[in-house]
Amino acid sequence: MPKTVGLESSIEAESALELASRAPNTMLIDGDWSGGTNSNWFDVIDPADGSKIASVVNGTQDDGLRAVAAAASAAEGWKAKSPRQRSDILMRCFHLMTERAEFLARLITAENGKALPDARGEVSYAAEFFRWYAEESPRDFSELAIAPSGANRIVVQHQPIGVAVLITPWNFPAAMATRKIAPALAAGCTCILKPAAETPLTALAIGAIMLEAGVPAGVVNIVTTTSAGEVVNAMLHDPRVRKLSFTGSTGVGKILLKEAADQVISSSMELGGNAPFIVFDDADLESAVAGAMVAKMRNGGEACTAANRFYVQRGIYDAFVQRLTDEMSALKVGRGLDAGIQLGPLITPAAVAKVERLVLDAVNRGAKIVTGGTKIAGPGYFYPPTVLSEVVPGSDILNEEIFGPVAAIIPFETQEEVIALANNTEYGLVSYIYSADHKRAFFVAGEIESGMVGVNRGIVSDAAAPFGGMKQSGLGREGGRHGMLEYVEMKYIAASW
Ligand code: ADP
């Protein structure tokens, strides 16, 4: 296994196949690049042309349990390191990841398809979690208070919660991994990462970088598998596991919460979203359109934070639709590794089929296609930037996550009406509000049922801020000092002295 993954010189000339060949393709268990307990492999596909770019070891339940054993035996040693020692190692992870940023970005594009500028953005966001939690690791939030009776002291200490199982999706294969690994390690926990089978190479490359940075054997283990259900279930029934952190669909999140219940495992859940993007008449048109492009098109629309429903007030409606359409139709679509490309393919043919179904349903109910709206012929899983106007309430596209480059726009008249429309969903991850009137924007931000709100901004993600959702969008927060609390157990000691 190359110990210096991503340091090679000729990165820019490489094809998806060549990039993939430079990443590890076997599991990382106890510091060893293990071949696993069976000889099965699964394919990794380049979504830009449907070709196979790598074979990766297909882990079994036994592999999952070996990884739990490795994490459990590394736990004492990692917990015993001083916060400053853990901080130094995490900071080295940040520096090495930053040094290898271009390779990692290209690897992400090779297996996920996203356009290179998006992949570069992801790598820098992902690396930030190492830096932030390197800085956070030495901060101690212990408390010492006098009990109200005066009889004793109340001491509150934070201890690492224990072995953590971390499950990540394919849409941000680097950032979702570091957003979990970094706070877990900073808090003194060891972990097992189970990346999505569509994008295992980025996770494995990050594993190699972490070993190089000095993360001890067993502290981070990576299990790749296409049998996620079986392997994760086995891990969640191993009594050594005390933490589950999951990012993915609400459906799978609910299954995992039930499985975690058997051992009462602490669970953090980052689930689906259905973000409203609200534009009031008094908003600055150009900045609203620029924000809309970021909120909709970052990652090609494949983000749980993606604007899913555009509610635009009547007075600015026509101008907004026109300007957004200008921007959307100007985007350069193609293979994500090619120069100048702004929108790559979707992840799978199934993802394209879902977008097609949602657009067809909206059009059948009366929506107008202003641009796009027809799948691009293969090879590759491409769908064009699409704008739908006058989308009718009740359309599936307003209730389901689109996860693609389609903007569904709905007119509204009053503030009261738009708050009700925005909240009419079981999701509550993020919302976006554009208005020149800050009093109004903050009032609406307060009324909207979502864990995060962008006010006159199309992006909210920040390693320093608590990312997470209300309602069925999730439990717990990632990022900021809050993200580390998910990995600690609070111990209260009543002391008389
Ligand atoms: P998406 O629809 O974005 O692929 P999923 O929720 O299906 O989202 O997948 C997110 C992550 O959850 C992936 O790593 C996937 O392998 C994993 N996963 C899917 N089903 C299960 C399951 N039953 N148990 C545990 N993990 C699962």
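Throughout, read-outs are computed from the coordinates displayed, never taken from laboratory work. Predicted, not measured: the structure shown is a model, and the values here were computed from it. As a convention, Cβ positions derive from the backbone with ideal geometry for all residues, glycine included, and neighbour counts pool all protein chains shown.
What is the gain in length, in nm to one decimal, between Asp361 and Asp462 on full extension, counting 0.36 nm per residue of separation less the C-alpha to C-alpha distance?
Working: separation 101, 0.36 × 101 = 36.36 nm, distance 3.49 nm.
Taking Asp361 through Asp462 to full extension adds about 32.9 nm, to one decimal.
Put a dot 7 Å past each Cα toward the Cβ at Glu143 and Asp262; how far apart are the dots in nm?
So the label points at Asp262 and Glu143 sit 3.5 nm apart.
Order 253-261, 477-485 from most to least packed using the mean count of other Cβ atoms within 10 Å.
Listed from highest to lowest mean packing, they are 477-485, 253-261.
Assign unit charges at the C-beta atoms only (+1 for Lys and Arg, -1 for Asp and Glu), then state the dipole size of segment 275-462 relative to its Cα centre in Debye, rounded to the nearest 20.
Magnitude of the dipole: close to 600 debye.
Using R₀ = 56 Å, calculate the FRET efficiency as 1/(1 + (r/R₀)^6) where r is the Cβ-Cβ separation of Ser51 and Ala151; round to 0.05.
That gives a FRET efficiency of 0.20.
Calculate the FRET efficiency for Asp318 and Trp497 from the Cβ-Cβ distance with a Förster distance of 60 Å, rounded to the nearest 0.05.
About 0.25, to the nearest 0.05.
Pull out the extension gain between Glu102 and Lys254, defined as 0.36 nm times the separation in residues minus the alpha carbon to alpha carbon distance; nm, one decimal. Walk me through the numbers on the way to the answer.
Details: separation 152, 0.36 × 152 = 54.72 nm, distance 3.63 nm.
Length gained between Glu102 and Lys254: 51.1 nm.
Expected output is a single nm value to one decimal: the length gained when fully extending between Ala339 and Ser73, i.e. 0.36 nm times separation in residues minus the C-alpha distance. What is it?
Once the chain is fully extended between Ala339 and Ser73, it gains 91.1 nm.
For the pair Ser124 and Leu17, how long in nm is the line joining their label points, each one 7 Å along Cα→Cβ?
That separation, rounded to one decimal, is 3.3 nm.
By counting other Cβ atoms within 10 Å of each Cβ, how are Tyr317, Tyr487 ranked from fewest to most?
By the 10 Å Cβ count, ascending: Tyr317, Tyr487.
Report, ordered by chain and residue number, the aspartates and glutamates lying within cross-link reach of Lys491, taken as a straight Cα distance under 16 Å and ignoring same-chain residues fewer than 8 apart.
Qualifying aspartates and glutamates at Cα under 16 Å: Asp140, Glu143.
Exposure proxy check: Thr325, Thr98, Thr109 ranked by fewest other beta carbons within 10 Å?
Listed from fewest to most nearby Cβ atoms, that is Thr98, Thr325, Thr109.
In what order do Ile192, Ile397 fall by count of nearby beta-carbon atoms within 10 Å, going from fewest to most?
Working: Ile192 29, Ile397 24.
Arranged by neighbour count, lowest to highest, Ile192, Ile397 become Ile397, Ile192.
Based solely on its DSSP helices, what 222 nm [θ] is calculated for the chain when runs of n ≥ 4 H residues each add -39,500 (n - 2.57) and the sum is averaged over all residues, nearest 500 deg cm²/dmol?
One gets -12500 deg cm²/dmol as the mean residue ellipticity at 222 nm.
Show me 54-62, 172-180, 113-121 ranked by packing, highest mean number of other Cβ atoms within 10 Å first. Please list the in-between numbers first.
Numbers: 54-62: 20.8, 172-180: 27.7, 113-121: 23.9.
Order by mean packing, descending: 172-180, 113-121, 54-62.
Using Cα positions and a limit of under 23 Å, work out the lysines in reach of Lys254, with same-chain residues fewer than 8 apart set aside.
Straight-distance partners of Lys254: Lys180, Lys194, Lys243, Lys354, Lys471.
Put a dot 7 Å past each Cα toward the Cβ at Asn399 and Ala330; how far apart are the dots in nm?
3.7 nm
In the chain, what percentage of the DSSP-assigned beta bridges are antiparallel, given to the nearest 5?
Restricted to the chain, the bridges split so that about 45 percent are antiparallel.
So which GluC sites (Glu not before Pro) in segment 90-129 pass both tests, a DSSP loop state and at most 13 other Cβ atoms within 10 Å of the Cβ?
none
Taking Lys439 as the anchor, which aspartates and glutamates have their alpha carbon closer than 16 Å to its alpha carbon, excluding any fewer than eight residues away along the same chain?
Asp281, Asp282, Asp284, Glu416, Glu447
Taking H as built 1.01 Å from N, whose amide H comes closer than 5 Å to the amide H of Ile53, not counting residues under 5 places away?
Hits under the 5 Å cutoff: Val44, Ile45, Asp46.
Evaluate E = 1/(1 + (r/R0)^6) for Asn233 and Asp282, where r is the Cβ-Cβ distance and R0 equals 60 Å; express this FRET efficiency to the nearest 0.05.
Efficiency for this residue pair is about 0.70.
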